[in-house]
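Report on the following structure.
The values are calculated or read from the model by the stated rules, or taken from the named source; none is laboratory data. None of the values given here were measured: they were computed from a predicted structure. Every residue, glycine among them, receives a Cβ derived from its backbone with ideal geometry; neighbour counts consider all protein chains shown. We work out accessible area using only protein heavy atoms, side chains counted, and drop any ligands, DNA or RNA first. Shrake-Rupley method; radii C 1.70, N 1.55, O 1.52, S 1.80 Å.
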There are 2 protein chains.
Amino acid sequence: MPKVSPVLLDEQLCFSIYSASKKFNHFYQSALAPFGLTYPQYIAMLVLWEDAPLTVHQLGDRLELDSGTLTPLLKRLEKQGWVTRVRSRTDERQVLIHLTEMATAKRDEVYQRIGQCQTLLGMTNKEIDSMMTELVTVKEQLDNVSAQRLITKKVDDLA
Amino acid sequence: MPKVSPVLLDEQLCFSIYSASKKFNHFYQSALAPFGLTYPQYIAMLVLWEDAPLTVHQLGDRLELDSGTLTPLLKRLEKQGWVTRVRSRTDERQVLIHLTEMATAKRDEVYQRIGQCQTLLGMTNKEIDSMMTELVTVKEQLDNVSAQRLITKKVDDLA
DNA sequence: GGCAATTTAATTGTATACAATACTCTGGAA
DNA sequence: TTCCAGAGTATTGTATACAATTAAATTGCC
């Protein structure tokens, strides 16, 4: 076996991102506590506030989540009064997610709360943009490699 | 109500990071398929390869996970033959996580596999370092704000 | 028009996460 | 020595994620 470099946790970009993601999750969960929304519920609401009504599939495209995650999440949002789930009449396969009056009424309150909490992070728009640009590159690479199921093949070629 | 800026999903750094984290998870899950390790199991093994044996608490400090997550994860690693969980004799509260012979034997294979897969991402060390540096800043801000439970107070001050 | 392939959601099963609680053990104070 | 506060782990309950399967509806194709 040839000499192999150790893989150290603290040098792994994946762990930095994984850790940051959990911290963001916690941050928004706290920020949104007055509204009782979890982070995934919140991003679902963001999309719906932009574009309701949407089918489960359309919402999933935006959030990169499938029905296995969204169906129970949306049922919880429905139970809490944020959305309604209605079978489409023109295509009975689809379920349309509509905003309730409460959701529409609370939209600006949430926007405002989020805006305020984000100022606490003390990042400039420029810093945020720069970071998101880099993340897009990383994500494209990950998509190129893994979404096309090339990992096994390519790595086996390397071996 | 004063005019409020909309919050658009595609402009949210949190979502970029959340999405990247999921893609990394999937990437490593595929890369590690030959070993049957999930991403969280893999990072646990990374720490143990650096420093076994460790208590559940010490491992949790490194991974930023608590016993509620680690206990079942470690039981699964034990069932699959990667680790053993042994009550400490000097302090019966502690459980020491040891590597099995198989885990020690497979370490370099995993290191190599990961090294190969990472080359597929086509990122230079410089790019990775730069990104991790920025992420450290973000995470520090998130820790400052949310770990100290100041969100509610500060935002209410703003209101 | 009839039927196979496809699309869309929901369901099932497994694996994280994490708050809150329970339980056991340890070390120190009275 | 006894008791108790705190530490360390496990458990419980809720909420994601996602692969794989199921079920129902629709579309294409003949």
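In segment B:43-62, the residues that are in the same structural domain as B:LEU77 (by TED's automatic domain parsing) reach residues that are in a loop (DSSP other than H, G, I, E, B) and acidic (Asp, Glu) with C-beta atoms within less than 8 angstrom, at least six apart or across chains, in these pairs: B:GLY60/B:ASP66.
Just one of the listed residues (B:LEU120, B:LEU99) is in contact (Cβ under 8 Å) with a residue 40 or more places away in the chain and either away from DNA strand C (no atom under 16 Å from the Cβ) or open to solvent by 30 Å² or more (accessible area, probe 1.4 Å) (or both), namely B:LEU99.
Name, by its number, the condition in (1) within 13 Å of DNA strand D (Cβ to nearest atom); (2) open to solvent by 10 Å² or more (accessible area, probe 1.4 Å); (3) touching a residue at least 40 places away in the same chain (Cβ under 8 Å) that does not hold for A:ARG107. Of (1) within 13 Å of DNA strand D (Cβ to nearest atom); (2) open to solvent by 10 Å² or more (accessible area, probe 1.4 Å); (3) touching a residue at least 40 places away in the same chain (Cβ under 8 Å), only one is false for A:ARG107: (1). Scan segment B:56-75 for residues that are near DNA strand C (Cβ under 7 Å from one of its atoms) and either among the hydrophobic types (A, V, I, L, M, F, W, C) or surrounded by 15 or more Cβ atoms within 10 Å (Cβ to Cβ) (or both) and the total you get is 2.
Considering the conditions (1) within 13 Å of DNA strand C (Cβ to nearest atom); (2) under 30 Å from A:GLU127 (Cβ atoms), B:ILE17 is excluded by exactly one of them, (1).
Okay, residues lined up against (1) among the hydrophobic types (A, V, I, L, M, F, W, C); (2) open to solvent by less than 40 Å² (accessible area, probe 1.4 Å); (3) more than 8 Å from chain B (Cβ to nearest Cβ); (4) over 17 Å from A:GLU64 (Cβ atoms):
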site: A:VAL4; (1), (2), (3), (4): yes, yes, no, yes
site: A:VAL7; (1), (2), (3), (4): yes, yes, no, yes
site: A:ILE17; (1), (2), (3), (4): yes, yes, no, no
site: A:SER21; (1), (2), (3), (4): no, yes, no, no
site: A:PHE24; (1), (2), (3), (4): yes, yes, no, no
site: A:PHE27; (1), (2), (3), (4): yes, yes, no, yes
site: A:LEU32; (1), (2), (3), (4): yes, yes, yes, yes
site: A:PHE35; (1), (2), (3), (4): yes, yes, yes, yes
site: A:GLN41; (1), (2), (3), (4): no, yes, yes, no
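When A:GLU11, A:GLU101 are screened for being of a type in the set (D, E, K, R) and within 26 Å of A:THR137 (Cβ to Cβ), only A:GLU11 passes. In segment B:60-91, of all residues being within 14 Å of chain A (Cβ to nearest Cβ) and part of a loop (DSSP other than H, G, I, E, B), the one that is nearest to DNA strand D (Cβ to nearest atom) corresponds to B:ASP66.
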